[in-house]
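Undergrad: Handing you this structure, nothing more for now.
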Amino acid sequence: MAPNLEDALAALAAGRMIVITGDEHRGGDIDFCVPARDATAEAINFMALHGRGLVCLAITPARAIRLGIELINPGRENQSGRPHGRSIEAASGVSTGISAADRAHTIRVAAADDATASDLISPGHVFPLIAREGGVRERRAATEASIEACRRAGAGDAAVICSIMRDDGEMARIDDIAGLIAEHRLPVLDIEQLLR
């Protein structure tokens, strides 16, 4: 269960899920992460079932511009510091939009190399997070770390992340999900490893 950068990058390169720790902006919350290009209904369902947090699409500023996604609150007033963009849905190929399969489809559409704003509609059931340009060196958080890790793994420049809660609804720490990590052989990556 100790963080291992090489194992985590190998898993991402193979389209598998990992756990990210060390987010200094959320008090040590932990997240599931999978490359956006490899988002499947099974992966989204796993995150919803075992993570229970908001399933989000982490994207670069350049991709956000190309997709026409802006921060919900770009100003300084009443700012939470969470880099949420407007919610999205694939313009075609979905039904209600909320099913695991529909959300996976929307994520893959948004993560495609040739994706543009015309491929998406809004509002929707996928919640983008727009990373800082400087990555983890500018903001040490799961959004930036997931993108950096996927890039290093050769797995694209977008990721799906989901914060993990315990059964009682409180935010989980790594020891709380030791059994889940072992059962599903999930590599763990600490953001500090990306800064070394």
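The values are calculated or read from the model by the stated rules, or taken from the named source; none is laboratory data. What you are looking at is a predicted structure, and each value in this text was computed from that prediction instead of being measured. In this analysis, Cβ positions are derived from the backbone assuming ideal geometry, glycine residues included, and neighbour counts consider all displayed protein chains.
Undergrad: Only one of (1) over 30 Å from ALA90 (Cβ atoms); (2) out of contact with any Asp or Glu (no Cβ under 9 Å at 6 or more places or on another chain) fails for ALA149. Which number is that?
TA: If we test ALA149 against (1) over 30 Å from ALA90 (Cβ atoms); (2) out of contact with any Asp or Glu (no Cβ under 9 Å at 6 or more places or on another chain), just (1) comes out false.
Undergrad: Quick check: is even one residue across the stretch 110-123 touching a residue at least 60 places away in the same chain (Cβ under 8 Å), surrounded by 23 or more Cβ atoms within 10 Å (Cβ to Cβ) and out of contact with any Ser or Thr (no Cβ under 8 Å at 6 or more places or on another chain)?
TA: yes
Undergrad: Follow-up question, since we're still on this one. Restricting the first residue to the stretch 71-96 and requiring it to be closer than 16 Å to VAL109 by Cβ and of a type outside the set (D, E, K, R), which pairs with a second residue that is part of a loop (DSSP other than H, G, I, E, B) and at pLDDT 90 or above meet a Cβ separation below 9 Å and a spacing of at least six or different chains?
TA: GLY85/ILE69; GLY85/GLU70; ILE88/ILE69; ALA90/GLY97
Undergrad: Continuing with this model, one more query. How many residues does the stretch 21-49 contain that are in a loop (DSSP other than H, G, I, E, B) and at pLDDT 95 or above? If you could, list the steps in order and put the result at the bottom.
TA: Initial filter on the stretch 21-49 (in a loop (DSSP other than H, G, I, E, B)): 22-30, 39-40.
Applying the additional criterion that residues be at pLDDT 95 or above yields 30, 39-40.
Adding up the residues that qualify gives 3.
Undergrad: On to the next question. Kindly establish whether ASP190 is touching a helix residue (DSSP H, G or I) at 6+ places or on another chain (Cβ under 6 Å), farther than 23 Å from ASN45 by Cβ and of a type outside the set (Ser, Thr, Tyr).
TA: Criteria not met by ASP190.
Undergrad: Still on this structure: Residues in the stretch 114-122: is at least one in contact with a strand residue (DSSP E or B) (Cβ under 9 Å, 6 or more places away or on another chain), modelled with pLDDT of 95 or more and in a helix (DSSP H, G or I)?
TA: Within the stretch 114-122, the first condition is being in contact with a strand residue (DSSP E or B) (Cβ under 9 Å, 6 or more places away or on another chain), and the residues that meet it are 119-122.
Checking the rest, the ones that are also modelled with pLDDT of 95 or more come to 119-122.
From what is left, the residues that are in a helix (DSSP H, G or I) are 119.
Checked against the condition, which is being in contact with a strand residue (DSSP E or B) (Cβ under 9 Å, 6 or more places away or on another chain), modelled with pLDDT of 95 or more and in a helix (DSSP H, G or I), the stretch 114-122 yields at least one hit.
Undergrad: Restricting attention to the stretch 77-97, and to residues there that are under 17 Å from the mean Cα position of the chain (by Cα) and not basic (Lys, Arg), which single residue is surrounded by the fewest Cβ atoms within 10 Å (Cβ to Cβ)? I'd like the intermediate steps shown before the answer.
TA: Taking the stretch 77-97 and keeping what is under 17 Å from the mean Cα position of the chain (by Cα), we get 81-89.
Now narrow it down to the ones that are not basic (Lys, Arg): 81, 83-85, 87-89.
On the way: GLY81: 9, PRO83: 24, HIS84: 17, GLY85: 22, SER87: 20, ILE88: 26, GLU89: 23.
The selected residue is GLY81.
Undergrad: Got a sec? Which of LEU9, LEU54 is closer than 15 Å to SER146 by Cβ, touching a residue at least 60 places away in the same chain (Cβ under 8 Å) and in a helix (DSSP H, G or I)?
TA: Unique residue meeting the criteria: LEU9.
Undergrad: Just checking, which of GLU133, GLU148, GLU144, GLU192 is loosely packed, with under 13 Cβ neighbours inside 10 Å and of a type outside the set (S, T, N, Q)?
TA: So the residue among GLU133, GLU148, GLU144, GLU192 that is loosely packed, with under 13 Cβ neighbours inside 10 Å and of a type outside the set (S, T, N, Q) is GLU133.
Undergrad: Here is a follow-up. Can you tell me which residue is farthest from ILE107 (Cα to Cα) among those in the stretch 46-64 that are among the hydrophobic types (A, V, I, L, M, F, W, C) and over 13 Å from the mean Cα position of the chain (by Cα)?
TA: LEU49
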